[in-house]
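The values are calculated or read from the model by the stated rules, or taken from the named source; none is laboratory data. Everything quoted here is computed from the prediction, not taken from an experiment. Ideal geometry is used to build each Cβ from the backbone, glycine not excepted, and the neighbour counts take in all protein chains shown.
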Amino acid sequence: MSQHVYDRVKANPKFAELVQKRSRFAWQLSIVMLVVYYAFILVIAFSPATFAQKIGEGVTTVGIPVGLAVIVIAFVLTGIYTQRANGEFDDMTHQIKEDVRSGE
Amino acid sequence: MKWGLLLLSLSSFVFAADAQFSGKRDINVSAIVMFLIFVLATLGITYWAAKRTKTAKDFYTAGGGITGFQNGLAIAGDYMSAASFLGISGLVYLKGFDGLIYSIGFLVGWPIILFLVAEQLRNLGKYTFSDVASYRLRQTPIRTLAALGSLATVALYLIAQMVGAGQLIQILFGLDYEYAVVMVGILMILYVTFGGMLATTWVQIIKAVLLLSGASFMAIMIMYQVGFSFETLFSQAVAAKKSAAIMAPGGLVSDPISAISLGMALMFGTAGLPHILMRFFTVSDAKEARKSVFFATGFIGYFYILTFIIGFGAIVLLTNNPTYLDPIKGGIIGGGNMSAIHTAHAIGGNLFLGFISAVAFATILAVVSGLTLAGASAVSHDLYANVFARGRVDEMMEMKVSKYSTIALGIVAIFLGIAFEKQNIAFMVGLAFAIAASANFPILFLSMFWKKLTTKGAVWGGSLGLLTAVVLVVLSKAVWVDVLGNKTAIYAYGNPAIFSMAVAFIGIWLFSLMDQSEDAKKEIAAYEHQFIRSQTGIGAEGASAH
């Protein structure tokens, strides 16, 4: 891309807004995933008895729904990010590109 | 500690079957027929793909026109290896809940790839992740290091897959080990050399569909037998095992350092696997790249839930069934990782056993093809075109080099596969993930997110990370004791990532800050340009017109 286009993007306040919003969102979701996963691992490492507790009368333990929930959370988080990035963030990106083009 | 070792030995789960089940099985006709159908279909696709693979862009990225959904399936096909299908269901069969801990580790890297890597990678790169790492840094040193990191990861992963393939096929089809390895090698050379990324992608998509369908059918049949109640499934499993230990965490995670270290290797290693990163260049833009990860995470997560059900189903169906028990050695015939195969037989007889065996073989082919293509690209695009020829090379020549590299890599893989037949290779997949997490990932990540990264910092820090990972694995139990025969391991933990990643990041940070050269100033100044492209996709590679 030419220097000209690039200066225009940089000067566009929408670009700063896009970067700020998206970075914050991406890092927030990353931290959620890291916290969920490492909490799961650390419970297993330090307090396995927590997951070995039975739910109700049967043999099913707490660890099983929690483990399956970690898998589902991972998938749901990717869905949440993709939804917002492919909608809101891509619209903003598109707008920035339009601004750059129309300003020429 | 135990957990870390388990990662290292997971790859050997499939492979160790051979030790327990020596000798060949009777020739399995339905498996061979179904496998031949798969081979003919994929060779047909390769012929079709070859006609459409004319430019370097076609060869490396299938023209960039794969959709997010297709790519999600292909990524799943690239990532779900035979070791994860047979190994994880086998682990659940043997240890119950602990198998679930394992598969979760393999899944959680994907959201991180999406949030932090995928779209920037797509916006900045062309064919390989080295394109991104060397975007504003000096081509020769960065590409050389990134290519070495890629080749090391690919080679280790490939050897593990080849040896696993040989031993698995020996058991499933009754073929000799050498024949099996040569056949896998020749097929992957054919797919990649003639069909490039397009053929590789479709082999991976077909394999993913077959594997997910086969595993779904097994899981549904198991759930049908227990009235679709997990509680019934679990209580029958506990009754079969005469122990409720399978319902709780066992000794898999005992020391937190190994647990965290393994978690880091799996999470960030996934984001540094060259054959996975390469898949992001096959889609047209960042939007499709995000969709790819969304679908891939869904398919892979679903698959791990299926393997969990299959593992518990195996406990119910096999534990007390004399048909599948080894009267001499105890346990099931062929060891724990044959549990999915026996379960297939218990559910659907010889025909379904044949189908699942053929799927396992297809799985291996899809994974090794992706690996070979990534390795060949590191040689032709990074080392040849950009380092050796310094970018002054025509496309036809680069493609020729990539095809020769594919053939050479395939032959090397065949020889290594045969040479390592009787070796203990349990450490290899663990080492591949550790190198990916400690060399490839830090360089890639910091090149995208840290302005002050310089060539010197990336080369020194990346090399130190790679070296630390290799040295610590050699000093750990998996190599020092199990391969070299020493009594006790010098490095006490199962996985090096917690230390080697720290070394890489600190090294890159330190050497970048110390670098006051003119080049370094230019590299830092170029960050803004790179950042705008990575965020907006302005100037990014598009899809080819056709």
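Conditions tested, residue by residue: (1) in contact with a Phe, Trp or Tyr (Cβ under 9 Å, 6 or more places away or on another chain); (2) modelled with pLDDT under 95; (3) surrounded by 20 or more Cβ atoms within 10 Å (Cβ to Cβ).
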| residue | (1), (2), (3) |
| --- | --- |
| B:Leu453 | yes, no, yes |
| B:Thr468 | yes, no, yes |
| B:Lys477 | yes, yes, yes |
| B:Asp482 | yes, yes, no |
| B:Thr488 | yes, yes, no |
| B:Ala492 | no, yes, no |
| B:Asn495 | yes, yes, yes |
| B:Ala502 | no, no, no |
| B:Phe511 | yes, no, yes |
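When you check B:Leu262 against the structure, is it crowded, with 19+ Cβ neighbours inside 10 Å and more than 14 Å from B:Ser89 (Cα to Cα), yes or no? Judged against the criteria, B:Leu262 is a match. Taking the condition at the interface with another protein chain (Cβ under 10 Å from one of its Cβ atoms), assigned to a helix (DSSP H, G or I), over 30 Å from B:Gly63 (Cα atoms) and touching a residue at least 12 places away in the same chain (Cβ under 8 Å), does B:Phe308 pass? Yes; evaluated as a whole, the condition is true for this residue.
Go through the range B:63-76 residue by residue and tally those that are part of a helix (DSSP H, G or I) and within 17 Å of B:Leu121 (Cα to Cα). Number of matching residues: 6. Within the option set B:Ala296, B:Ala259, being of a type in the set (A, V, I, L, M) and either closer than 23 Å to B:Ala82 by Cβ or touching an Asp or Glu at 6+ places or on another chain (Cβ under 7 Å) (or both) holds for one residue only, B:Ala296. Can you tell which of B:Val293, B:Val283 is buried (at least 24 other Cβ atoms within 10 Å of the Cβ), out of contact with any Lys or Arg (no Cβ under 9 Å at 6 or more places or on another chain), modelled with pLDDT of 90 or more and within 14 Å of another protein chain (Cβ to nearest Cβ)? Just a single option satisfies the conditions, and that option is B:Val293.
Here A:His94 fulfils each of the conditions (1) within 9 Å of chain B (Cβ to nearest Cβ); (2) of a type outside the set (Asp, Glu); (3) in a helix (DSSP H, G or I) apart from (1). So is B:Gly272 of a type outside the set (Val, Ile, Thr) and either more than 31 Å from the chain's Cα centre (by Cα) or at the interface with chain A (Cβ under 10 Å from one of its Cβ atoms) (or both) or not? No: the conditions fail for B:Gly272.
Considered as a group, the residues in the range B:223-243 that are within 12 Å of B:Ile315 (Cα to Cα) and facing chain A (nearest Cβ under 7 Å) include one that is nearest to the chain's Cα centre (by Cα), and that residue is B:Phe234. Scanning the range B:254-267 for residues that are assigned to a helix (DSSP H, G or I) and either among the charged types (D, E, K, R) or away from every other protein chain (no Cβ under 11 Å) (or both) yields one hit, B:Ala265.
Pick from A:Val19, A:Val9: which is in contact (Cβ under 8 Å) with a residue 40 or more places away in the chain, facing another protein chain (nearest Cβ under 7 Å) and part of a helix (DSSP H, G or I)?
A:Val9
Of all residues in the range B:271-281, those satisfying the criterion of being in contact with a Leu (Cβ under 9 Å, 6 or more places away or on another chain) and in a helix (DSSP H, G or I) are B:Pro274, B:His275, B:Leu277, B:Met278, B:Phe280, B:Phe281. Looking only at residues in the range B:471-525 that are of a type in the set (Val, Ile, Thr) and touching a residue at least 40 places away in the same chain (Cβ under 8 Å), the one that is nearest to B:Lys456 (Cα to Cα) is B:Ile508. The condition (being out of contact with any Asp or Glu (no Cβ under 8 Å at 6 or more places or on another chain), surrounded by 13 or more Cβ atoms within 10 Å (Cβ to Cβ), within 9 Å of chain B (Cβ to nearest Cβ) and not acidic (Asp, Glu)) is satisfied by just one residue among A:Ala85, A:Ala45, A:Ala69, A:Ala26: A:Ala26.
Against the condition surrounded by 13 or more Cβ atoms within 10 Å (Cβ to Cβ), at the interface with chain B (Cβ under 7 Å from one of its Cβ atoms), among the β-branched types (Val, Ile, Thr) and on the phi < 0 side of the Ramachandran plot, how does A:Val76 come out, does it pass? No; evaluated as a whole, the condition is false for this residue. If you go through the range B:93-116 and keep only what is more than 30 Å from B:Asp285 (Cα to Cα) and either out of contact with any helix residue (DSSP H, G or I) (no Cβ under 8 Å at 6 or more places or on another chain) or within 7 Å of chain A (Cβ to nearest Cβ) (or both), you end up with B:Phe97, B:Leu100, B:Ile101.
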